[in-house]
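The values are calculated or read from the model by the stated rules, or taken from the named source; none is laboratory data. Everything quoted here is computed from the prediction, not taken from an experiment. Virtual Cβ from ideal backbone geometry, glycine too; neighbours counted across all protein chains shown. Accessible surface is based on the protein model in full, side chains and every heavy atom, while ligands, DNA and RNA are left aside. Shrake-Rupley method; radii C 1.70, N 1.55, O 1.52, S 1.80 Å.
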Amino acid sequence: MNRKMLILLGAAALAVAVENFLYFRPEPAPPPASDSEASAEVPAEGAEAALAAVAREALEAYLASLPEPSRNPFLTLAEANALAQGGGAEVIDMPLLEGTLTSRERRVAWLDGHIAREGDRVRGFELLRIEPRAVWMGGGAEPLRLELREAPNAAVQAAEAELEAELSIQVEPR
């Protein structure tokens, strides 16, 4: 190595050493406490318990100061509004649509981790119709439509386009 490189490496090592010294140096000791403060000190082994008790009291005081929730956080705003207006909003536990596959010969849906075809029953609902990116479920007062929400990424779209062109089918991923 040449002389300039050695000087540069030496300066960098010195800078790292100074930085570590400043970062890791011990904190200065606090000034000695007066007699009245010394009697109020908590022994080291009880310090964590005392701190936990103070933290618990502070948390309980904070939670007590909060207002009661105005609505059920697990309901959508529309469901909460319907319940507040006196109408017993019906909460429906629908299956999760994870994907569809449609072609001229067949239509298949992936619901709650299982393959389903038109006419099958899932969670008490009949699968009425499978469309690209959606299904129609029956079993209530009127048919309900479930749609896929996530848009596939570019790599998935390219693979699907290639598959659709090759097989003349339309693929709808999760």
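Couple of notes before you dig in:
- Of all residues in the stretch 1-32 being open to solvent by 100 Å² or more (accessible area, probe 1.4 Å) and in a loop (DSSP other than H, G, I, E, B), the one that is modelled with the lowest pLDDT: M1
- When restricted to residues that are under 29 Å from the mean Cα position of the chain (by Cα) and modelled with pLDDT of 85 or more, the stretch 133-156 contains 10.
- Among the residues of the stretch 133-148, the one identified as free of Cβ contacts under 8 Å to residues at least 24 places away in the same chain, among the charged types (D, E, K, R) and either surrounded by 16 or more Cβ atoms within 10 Å (Cβ to Cβ) or touching a strand residue (DSSP E or B) at 6+ places or on another chain (Cβ under 7 Å) (or both) is R145.
- For the stretch 106-127, the candidate set comprises residues that are surrounded by fewer than 19 Cβ atoms within 10 Å (Cβ to Cβ) and under 24 Å from the mean Cα position of the chain (by Cα); within that set, the residue that is nearest to L75 (Cα to Cα) is D112.
- Helices (runs of 4 or more DSSP H) wholly inside the stretch 33-105 that include at least 2 residues being surrounded by 11 or more Cβ atoms within 10 Å (Cβ to Cβ) and at pLDDT 70 or above: 44-65, 77-84
- Flag for I130 being modelled with pLDDT of 90 or more and surrounded by fewer than 12 Cβ atoms within 10 Å (Cβ to Cβ): no
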